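All remarks here apply to the structure that follows.
None of the figures in this text is laboratory data; all of them are computed from the coordinates on show. Computed from a predicted structure; not experimentally measured. We place every Cβ from the backbone using ideal geometry, glycine too, and count neighbours over all the protein chains shown.
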Amino acid sequence: MNHFMRLIVLVLLVTSANAIEIELSGSVISDNQKILTSRYMGYVKHMAVSEGDIVKKGQLLYEIDSKEIESAERQVDLAISQARLSLQMNENQYNNVLTNLARHERLYEKKMVSKYEYEMLQLSAKNLKDMVAIAEQQVKQALAKKDEVLNQYNYLKIHAPNDGVIVDKRLNEGEMAIPGMPAVILTDLSNLSIVAELSETQLKYINLGKKVDIEIPSIGFSTVGEISSIIPSSNPMTHKFKIKMKFDRKGSASVYPGMYAKIMIK
């Protein structure tokens, strides 16, 4: 073998040695998963979805009963009635005192009533005017409380904040919904990624923005992705790194979170 042929063989061997291919196993995930819960406590009156249902933004997911809010509404209605009655009584008394005060003013000018009687009526009119103002404020506060209570009805019906699929349903009709306790988990299907793990020794062969080949064997789907995140493992003993990849769905509606994916990095 002459010198020229040996150089060609050497170049081919070096090229072959540098042509590293890494095959990884991964899963499809959603970058927008929401855990939905109710703001108020109550029994589930109607559960409108099941696990696996695909829902649209604004669609009713579940509804809780309104007994607690109905009780609060009755109490605030009573408070409004009492405040209005108090206002009416104070207005009537104030008007009567004003009429009496006008009469006493004329009599006082004619020296027919004492200054003490006249000044006491003036003081009474001032006090009743203040009472009317307080009663008006109490009516306004009671009406504002009524609006606040009525607004709570809007939170008894839980609607989907976006399109997606119900991946978990933890409440059924008749069960108690508690604020902060997860009731339904909704996963957005329009914002999907793929995650996989690779070893510390493989890390040197990847970088952000690197193109990768992706295959989802179960549906015969192939596409090209791009590494968007490199995340160290939370367990330093494993020496693993997690990578997240964006990918072109090519308009496919059959890709769902949880699907197995094969990733080829060259």
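Report the far tail of the P(r) of region 13-116, meaning the percent of Cα-Cα pairs longer than 16 Å.
81 percent
By how many nm would the segment from Asn127 to Gln59 lengthen if fully extended, with 0.36 nm per residue of separation less the alpha-carbon distance?
My answer for the length gained is 18.9 nm.
Taking a 25 Å limit on the Cα-Cα distance, which of the listed pairs Lys67/Lys157; Lys57/Lys146; Lys57/Lys145 fall beyond it?
With Cα atoms farther than 25 Å apart: Lys57/Lys146; Lys57/Lys145.
If I take every Cα pair under 8 Å that is 6 or more residues apart in region 187-266, average their sequence separation and divide by the length, what percent do I get for the relative contact order?
38 percent
What FRET efficiency do you get for Met120 and Asn92 if R0 is 25 Å and r is their Cβ-Cβ distance, rounded to the nearest 0.05?
So, using R0 = 25 Å, E works out to roughly 0.80.
Given charges of +1 on the Cβ of Lys and Arg and -1 on the Cβ of Asp and Glu, with all other atoms neutral, how large is the dipole of region 147-266 about its Cα centre, in debye to the nearest 20?
Once rounded to the nearest 20, the dipole reads 740 debye.
With bins 5 Å wide starting at 0, give me the P(r) of region 63-114 over every alpha carbon pair, in whole percents.
So the P(r) values, bin by bin, are 5, 17, 11, 11, 10, 8, 9, 6, 6, 5, 4, 3, 2, 2, 1.
If you stretched the chain out fully between Val224 and Arg249, how much longer would it get, using 0.36 nm times the residue separation minus the C-alpha to C-alpha distance?
8.1 nm
Quick one: net charge around Ser233, please, counting Lys, Arg +1 and Asp, Glu -1 for every other residue with C-beta under 11 Å from its C-beta.
That sum, taken over residues with Cβ under 11 Å, equals 0.
Gap in Å between the Cα centre of region 129-187 and the Cα centre of region 69-114?
Computed from Cα coordinates, the inter-centre distance equals 37 Å.
So what is log10(I(q)/I(0)) for the chain at q = 0.10 1/Å, when the Debye sum runs over its Cα atoms only?
Taken in order of the listed q values, log10 I(q)/I(0) reads -0.77.
If I stretch the segment between Lys210 and Lys146 completely, what's the gain in nm (0.36 nm per residue apart, minus their alpha carbon distance), one decimal?
Result for the pair: 17.2 nm of gain on full extension.
If you average 1/r across every pair of different Cα atoms in region 103-210 and take the reciprocal, what Kirkwood value do you get, in Å?
Mean inverse Cα-Cα distance, inverted, gives 22.6 Å.
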